[in-house]
Amino acid sequence: MHKTFKPGSRDSAVANIKKPMSTIRPATPEDFSAIKALNDAVVALTSPMDVSRIASLHAISCYHRVVEEGGTVSAFLLVFGPASGYDSPYYQWFDQRYDDYAYIDRIVVRDRAQGQGRMLYENLFSWAGQREVRYIVCEYNAEPLNEVSRKFHAALGFKEISIEKLSAAKQVSMQLKALKALDE
């Protein structure tokens, strides 16, 4: 039996909300302008990228996905594997210590708390599992603390493995999620 909603009830407002379907797909050069716009909106939390830089990073990434919603790119996730040559000091910190990992460089979601970040991470975990990647690694600001990122990563099973001050500007929490047991 289908649930019916009485007009004017609190439930009817929820029942009438229509959300465009979200699709995760590989990023393409046609997405780079939208990726730049998303990144520009949160540049204080990430780092600036022009379209040329996005193209360069895309070329060396192992995983670069976007969420498309209603024909518009609304989120992206950029990831690098070992020995990619990425010039980030945070990436290099992991690259010097691990040889079987996927490094999350950045995730940007236009509208927070809509599940797109979790959806992208779950897609990455599945992708990495199919390739028998042992670790997913990333960092977030520890000083000043990015509390939203801390809670998000903790909820997904990431553990802090170190606090590093790799630049004069900030301290970061180095995070790791094991996808495979150490004895496998």
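So here's what we get for this one:
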quantity	calculated
Over the chain: Kirkwood hydrodynamic radius from C-alpha pairwise inverse distances, Å	17.9 Å
In the chain, lysine pairs with alpha-carbon atoms under 25 angstrom apart (chain gap of 8 or more, or interchain)	15
Region 21-178: relative contact order as a whole-number percent, Cα under 8 Å and 6+ apart	18 percent
Surrounding net charge for residue 24, when Lys and Arg each add one and Asp and Glu each subtract one, Cβ distance under 14 Å	-1
Environment charge at residue 53 (Cβ cut-off 13 Å; Lys +1, Arg +1, Asp -1, Glu -1)	-2
Beta bridges by DSSP in the chain, antiparallel share as percent, to the nearest 5	90 percent
Gyration tensor verdict on region 22-87 (Cα atoms; rounded if a/c is under 1.5, prolate if a/b is larger than b/c, oblate otherwise)	oblate
Cβ-defined net charge surrounding residue 148, 15 Å radius [Lys, Arg +1; Asp, Glu -1]	+3
Inter-centroid distance (Cα atoms) of region 144-183 relative to region 44-85, Å	20 Å
log₁₀ of I(q)/I(0) at q = 0.11, 0.15 Å⁻¹ - region 87-184, Debye sum with one point per alpha carbon	-0.33, -0.61
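Values quoted throughout were computed directly from the atomic coordinates according to the rules given, and no laboratory measurement underlies them. The model shown is predicted, which means the values in this text are computed figures rather than measured ones. Cβ coordinates were reconstructed from backbone atoms using ideal geometry, including for glycine residues, and neighbour counts include every protein chain displayed.
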